[in-house]
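The values are calculated or read from the model by the stated rules, or taken from the named source; none is laboratory data. Predicted model, so just to flag it, every value in this text is computed and none were measured. Cβ sites come from the backbone with ideal geometry, for glycine too, and all protein chains shown count toward neighbours. Accessible surface is based on the protein model in full, side chains and every heavy atom, while ligands, DNA and RNA are left aside. Shrake-Rupley method; radii C 1.70, N 1.55, O 1.52, S 1.80 Å.
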Amino acid sequence: MEIAEFIRSLDREGGLLAEAAEEAGADAKVPTCPEWQVRDLLRHTGMVHRWATAFVAEGHTSYHPDGGLSELDGAELLTWFRDGHRRLVATLASAPPDVECWSFLPAPSPLAFWARRQAHETTVHRVDAESARGGTPTAVPAGFAVDGIDELLLGFHARSRSRVRTDEPRVLRVRASDSDAVWSVRLSAEPPAAERGEVTDADCELAGTAAQLYLALWNRGPFPGVTGDSSIATLWREKSAVTWS
């Protein structure tokens with residue numbers, strides 16, 4: 001996907017998140033994040049948006065701490081969220097392609113990293129907001145979901161922070177039924193090593209549409225289909241959460 005596509009996705013998803021949050025109300029529980037109410041979701045995502053904006057707008061070339069969670073609530077919190085989202089979209093859209101700033105996953109450029117990361121960050125939390133509102137959730141496009149699985153498996157879980165580890169070497173396969181996308185994830189006592197394709201036999205396979213797998217791997221939905229050793233799917237569910245701190 002191109003940077004402009006990610007920015008359009010970010011723009012759309014942030015708007016949907018705000019709409020769902022407004023309809024649900026700040027007190028509503030978030031089923032996909034049971035420890036949160038909608039106000040917590042808005043405070044977290046709004047903080048992340050401002051944190052990301054600062055890297056691109058201010059050109060921080062090393063890690064820069066976030067600004068903390070807002071204490072606003074109700075309508076003021078929603079306005080604060082929308083303002084931060086709009087500024088992030090505008091900052092990414094107007095940034096020069098060669099902008100230099102800090103990033104934390106491999107990417108063609110810092111701008112490509114932040115556009116991609118914030119598009120997926122906002123989509124996952126839009127799903128959270130819609131779970132609080134109830135009703136039919138907005139579909140995640142297949143191509144965008146495939147990209148998000150790539151980011152999660154080849155990016156986030158390649159880092160030393162990943163807790164998805166096994167005592168004995170195992171292989172997890174992830175197969176999108178609505179595309180030709182397949183991933184093989186080698187699990188061991190080291191960080192998971194993922195690559196595209198069927199590079200070896202698998203001990204467990206997760207199969208479903210790209211959107212189903214995207215949400216399941218982010219622990220926002222059930223695994224659509226599991227064959228082989230289901231304990232590996234359970235391990236993923238229990239150990240794969242990506243946390244802020």
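Brief remarks follow.
- Filtering segment 89-98 to residues that are open to solvent by 60 Å² or more (accessible area, probe 1.4 Å) and touching a residue at least 40 places away in the same chain (Cβ under 8 Å) leaves 93, 97.
- Count of residues meeting criterion [farther than 22 Å from residue 26 by Cβ, buried (at least 19 other Cβ atoms within 10 Å of the Cβ) and either touching a residue at least 60 places away in the same chain (Cβ under 8 Å) or in contact with a strand residue (DSSP E or B) (Cβ under 9 Å, 6 or more places away or on another chain) (or both)] in segment 99-138: 7
- Every condition in (1) surrounded by fewer than 20 Cβ atoms within 10 Å (Cβ to Cβ); (2) modelled with pLDDT of 95 or more is met by residue 46 except one, and the failing one is (1).
- Check on residue 40, surrounded by fewer than 20 Cβ atoms within 10 Å (Cβ to Cβ) and closer than 19 Å to residue 220 by Cβ: yes
- Segment 228-241, residues that are touching a residue at least 40 places away in the same chain (Cβ under 8 Å), open to solvent by 20 Å² or more (accessible area, probe 1.4 Å) and part of a helix (DSSP H, G or I): 235, 239
- Among residues of segment 207-227 that are over 16 Å from residue 125 (Cα atoms) and in a loop (DSSP other than H, G, I, E, B), those with a Cβ under 7 angstrom from a residue that is among the charged types (D, E, K, R) and open to solvent by 40 Å² or more (accessible area, probe 1.4 Å), sequence gap 6+ or separate chain, pair up as 209/178.
- Residue that is nearest to residue 150 (Cα to Cα), among those in segment 176-206 that are in a loop (DSSP other than H, G, I, E, B) and small (Gly, Ala, Ser): 181
- Taking segment 161-188 as the range and being touching a Pro at 6+ places or on another chain (Cβ under 9 Å) and either small (Gly, Ala, Ser) or farther than 14 Å from residue 207 by Cα (or both) as the test, the residues that pass are 161, 162, 164, 165, 177, 186, 187, 188.
- Subset of segment 139-150 (residues that are charged (D, E, K, R) and surrounded by fewer than 20 Cβ atoms within 10 Å (Cβ to Cβ)): 150
- Some residue of segment 7-22 being surrounded by fewer than 20 Cβ atoms within 10 Å (Cβ to Cβ) and over 25 Å from residue 145 (Cβ atoms): yes
- Enumeration of residues in segment 178-217 that are open to solvent by less than 30 Å² (accessible area, probe 1.4 Å), among the hydroxyl-bearing types (Ser, Thr, Tyr) and within 19 Å of the chain's Cα centre (by Cα): 214
- Filter pass, residue 128 being over 25 Å from residue 15 (Cβ atoms) and not polar (S, T, N, Q): no
- Selection from segment 159-177 of residues that are open to solvent by less than 70 Å² (accessible area, probe 1.4 Å) and either closer than 13 Å to residue 236 by Cα or at pLDDT below 95 (or both): 162, 164, 166, 170, 171, 172, 173, 174
- Applying a threshold of 8 Å to beta carbon distances and a minimum spacing of six or more residues, or different chains, the list of pairs starting in segment 64-88 at a residue that is within 18 Å of residue 16 (Cβ to Cβ) and open to solvent by less than 80 Å² (accessible area, probe 1.4 Å) and ending at one that is in a helix (DSSP H, G or I) and among the acidic types (Asp, Glu) reads 78/22.
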